[in-house]
Amino acid sequence: MKPDGVQRGLVGEVFNRLEKKGLKLVAAKMMRLDEAVLREHYSHIADKPFFPGVAQFMQSSPVVVSVWEGLEVVQAVRLISGITKARAAEAGSIRGDLAMSVACNVVHASDSVETAAKEIARFFKPEELLEYDKGEYIHVYVAEELE
Ligand code: ADP
């Protein structure tokens, strides 16, 4: 959850959407991001003219970082999040329903399994990721999807 999501009171709404989808929450906390972390996190846009504005925005308020598990979860969360430019994002997606900006777009979502692994290591200690059984899984997946 980016600063706009926290400031606009959308944390519960976004968590609710991910929970209702059937995803499993395995870690969550609030934190402030500093310039060094943002430079690393947004290394792929660090040379863009809009990066200083993004870095300033991302430090304007605490964020909520969270880790979700599920089958093909990276793709599922990207779909639920919607495209970067929120005012053009698909209706029904988080950005499509809840935001207008290309920068203040409520959520960040990892774009690949490899990136997710790096981002989890960036924001969490291993012991902050919790392993537990989610009872509703038998109603979220069929048996072969759980193997
Ligand atoms: P996404 O968050 O959808 O994966 P990118 O990785 O391309 O998008 O960009 C990272 C973030 O940088 C975006 O979520 C947004 O906050 C910001 N950003 C991207 N493009 C622009 C832009 N043209 N102007 C301002 N901010 C931008």
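Results, tabulated for the structure shown:
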{"item": "Some residue of the range 61-73 being touching a helix residue (DSSP H, G or I) at 6+ places or on another chain (Cβ under 9 Å), more than 10 Å from the ligand (Cβ to nearest atom) and in a helix (DSSP H, G or I)", "result": "yes"}
{"item": "Qualifying positions in the range 18-31 - in a helix (DSSP H, G or I) and over 12 Å from the mean Cα position of the chain (by Cα)", "result": "E19, K20, K21"}
{"item": "Residue within the range 105-123 that is under 20 Å from K2 (Cβ atoms), acidic (D, E) and surrounded by 10 or more Cβ atoms within 10 Å (Cβ to Cβ) present", "result": "yes"}
{"item": "Meets criteria (touching a helix residue (DSSP H, G or I) at 6+ places or on another chain (Cβ under 9 Å), exposed (fewer than 13 other Cβ atoms within 10 Å of the Cβ) and at pLDDT 95 or above) for M1", "result": "no"}
{"item": "Criterion (among the basic types (K, R) and touching a Gly at 6+ places or on another chain (Cβ under 8 Å)) met by exactly one of R87, R39, R95", "result": "R95"}
{"item": "Test: residue in the range 74-89 that is at pLDDT 95 or above, under 19 Å from A121 (Cα atoms), of a type in the set (S, T, Y) and not in a helix (DSSP H, G or I)", "result": "no"}
{"item": "Unique residue being more than 17 Å from L10 (Cβ to Cβ) and within 12 Å of the ligand (Cβ to nearest atom) when the list is L38, L33", "result": "L38"}
{"item": "Complete set of residues in the range 74-113 that are among the hydrophobic types (A, V, I, L, M, F, W, C), over 12 Å from the mean Cα position of the chain (by Cα) and within 11 Å of the ligand (Cβ to nearest atom)", "result": "I83, A86, A89, A99, V102, A103, C104"}
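Results for (1) under 20 Å from P3 (Cα atoms); (2) out of contact with any Ser or Thr (no Cβ under 6 Å at 6 or more places or on another chain); (3) surrounded by 13 or more Cβ atoms within 10 Å (Cβ to Cβ), shown as yes or no for each residue.
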residue: D34; (1), (2), (3): yes, yes, no
residue: V37; (1), (2), (3): yes, yes, yes
residue: P52; (1), (2), (3): yes, yes, no
residue: S66; (1), (2), (3): yes, yes, yes
residue: Y132; (1), (2), (3): no, yes, no
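The values are calculated or read from the model by the stated rules, or taken from the named source; none is laboratory data. The shown structure was predicted, so the numbers you read here are calculated from the model rather than taken from an experiment. Heads up, the Cβs are rebuilt from the backbone with ideal geometry, glycines too, and the neighbour counts pull from every protein chain shown.
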